[in-house]
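The values are calculated or read from the model by the stated rules, or taken from the named source; none is laboratory data. Values in this document were obtained by computation on a predicted structure and should not be read as measured data. Counting neighbours? That spans all protein chains shown, and the Cβs are built from the backbone with ideal geometry, glycine included.
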Amino acid sequence: MAKIDAFFKLMGEQGASDLHLASGNQPIVRINGEMERIKYKVLGNDELKSMLYEIAPEEKVKVFEETGDIDFGYEIPGLARYRANFFMQKNGISAVFRQIPSKVLTAEDLGLPEVCKKFATLGKGMVLVTGPTGSGKSTTLAAIIDYANKIRKDHILTIEDPIEFVHQAQGCLINHREIGRDTKSFSAALRGALREDPDIILVGEMRDLETIALALEAAATGHLVFGTLHTQSAGKTIDRIIDVFPSSQQGQIRTTLSEALKGVVAQNLFKRVDKKGRCAALEILVVTPAISNMIREAKTFQIPSMIQTGKKFGMQSLDDAILGHLQKGWIGPEEAYAKCIEKARFLPFLKEPPDEFG
C-alpha cells in the first residue's frame, strides 16, 4: 500500500471530492464544495515528491520533470479511481486528486430529465455537456453512456485524459482510450476512431480547433459524438465552437453545426441545504429545426427565448432549474442568486438585497 493511500481512505470516510497536496501546506480536502484542512503536518517538497512519485507511472514522472505538469488516473481497487494532476509551484511540487466513484451513477440516480436519456438513443449527431470545472459534467455524461450501454448493441469508444468512469460492457462493446497511454492526443484518437467502427464516441474534452473539427466531422458522417466544453450556457457553447475557427471558415462551420448538433446540457453544481451533498441544475437545449436555422443564420442570441418556449421538447432554462431546486428547499437563495442568469428574478428570495440593488 502506497503511503498516500491513507489520504484517499480519509477522503472516502469524509465524503470529499478532491484532495489537495501542496509543498509548504497541510493537506486539504474539498467537502461539498468547501476546502477543509486535514490535521496533519505541513508537507515538505522532498517528502511530498517521494509520496507522489510512488504512485506515478515512470513515463509520467519523466514528462512531469520536463514540463512541470502531468495528468493521469490512479485506482485503488475496492475504493475508487482518482484523476491526478501534478504541477510545480513556488514552494515546490503540488498535486490535486479528484475522486471518481467506482460505481457509475445512473440517470435515475442523478434525477436526469427524460430528454437526457433520449440523447443516448440518437443514431448520429453531437451532444455536448458543458459547465465550469467541477460542475459534474463527467458524471452526467457517464450516466448517459451507461444508459446507452444498457439499451443498445453498439460499439462505444471513449477518449479521455485520463480515463475517469470505467464502464463494464452490457449491451455494448466499450473501449476506453487514455491520452498519453493509449494514444498521443485527442485529435490522433479521433482520426483513428473513424477507422475503428464506433457507433458512439465520447470525447473527454474538446480543447482545440483540430479536436472540435474532427468531432464535428465524426458527428456529420454518421456517428453519435458526446463531448464536453467549459462554457456556461447553451448559446455560449455554440458561439464558442464557431469562434474557434478562422472567420473565413465560420459560415461553413455554422452550416455543419446546425445539422450535426442535437443537444446541449449546460450545468452547474449547488450545495444542498436540506442534507449533505450537492445537486446539479441543468439548462437543456434540444436542437429543433427552428434552432438549427438560428445557428445557420448566426442568431444564437435568440436561443434563450427559444429554450423558454421549447418545454414540450424537453428544454429548460438554467434559471428555471435553479428556481425549481430553490422552491423544493434543496439549495439556498444566496447561491441561487449568485449562479443564476436573470438576477432580478431571484431578488425576492434574498433576506437582504446585494449591494448593487441596495
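Kindly establish whether I253 is crowded, with 22+ Cβ neighbours inside 10 Å, within 30 Å of F313 (Cα to Cα) and at pLDDT 95 or above. So I253 does not fit the description; no. Residues satisfying the criterion are absent from the stretch 165-181 (criterion: surrounded by 19 or more Cβ atoms within 10 Å (Cβ to Cβ) and touching a Gly at 6+ places or on another chain (Cβ under 6 Å)).
Within the stretch 71-115, track down each residue that is of a type in the set (A, V, I, L, M, F, W, C) and more than 17 Å from the chain's Cα centre (by Cα).
I76, L79, A80, F86, F87, M88, I93, A95, V115 - these are the residues of the stretch 71-115 that are of a type in the set (A, V, I, L, M, F, W, C) and more than 17 Å from the chain's Cα centre (by Cα).
Modelled with pLDDT under 95 and either β-branched (V, I, T) or not assigned by TED's automatic domain parsing to the domain that holds V129 (or both): does that describe S17? Don't jump to the end; show me each part of the working.
Numbers: modelled with pLDDT under 95: yes; either β-branched (V, I, T) or not assigned by TED's automatic domain parsing to the domain that holds V129 (or both): yes.
Considered against the rule, which asks whether it is modelled with pLDDT under 95 and either β-branched (V, I, T) or not assigned by TED's automatic domain parsing to the domain that holds V129 (or both), S17 comes out as yes.
Tell me the residue from R207, R254 that is touching a helix residue (DSSP H, G or I) at 6+ places or on another chain (Cβ under 7 Å) and part of a loop (DSSP other than H, G, I, E, B), please. Show your work before the answer.
Numbers: R254 fails: part of a loop (DSSP other than H, G, I, E, B).
So the residue among R207, R254 that is touching a helix residue (DSSP H, G or I) at 6+ places or on another chain (Cβ under 7 Å) and part of a loop (DSSP other than H, G, I, E, B) is R207.
Looking across the stretch 261-275 at every residue that is in contact with a Phe, Trp or Tyr (Cβ under 9 Å, 6 or more places away or on another chain) and under 16 Å from G324 (Cβ atoms), the one that is surrounded by the fewest Cβ atoms within 10 Å (Cβ to Cβ) is identified as D274. Here the stretch 116-131 is the region considered, the condition is being of a type in the set (K, R) and either under 26 Å from L269 (Cα atoms) or in the same structural domain as P57 (by TED's automatic domain parsing) (or both), and the residue that is farthest from the chain's Cα centre (by Cα) is K118. For the condition acidic (D, E) and in a loop (DSSP other than H, G, I, E, B), D239 does not qualify. Checked against the criterion of being within 17 Å of the chain's Cα centre (by Cα), closer than 17 Å to F72 by Cβ, in a helix (DSSP H, G or I) and not basic (K, R), the stretch 177-192 has at least one qualifying residue.
Taking the stretch 149-176 as the range and being without any contact (Cβ under 8 Å) to a residue 60 or more places away in the chain and outside any strand (DSSP E or B) as the test, the residues that pass are N149, K150, I151, R152, K153, D154, Q168, A169, Q170, G171, C172.
Residues that are outside any helix (DSSP H, G or I) and hydrophobic (A, V, I, L, M, F, W, C) were ranked within the stretch 6-31; the one that is farthest from the chain's Cα centre (by Cα) is A22. Once the stretch 32-86 is narrowed to residues that are touching a residue at least 12 places away in the same chain (Cβ under 8 Å), part of a helix (DSSP H, G or I) and aliphatic (A, V, I, L, M), the residue that is farthest from R181 (Cα to Cα) is L48.
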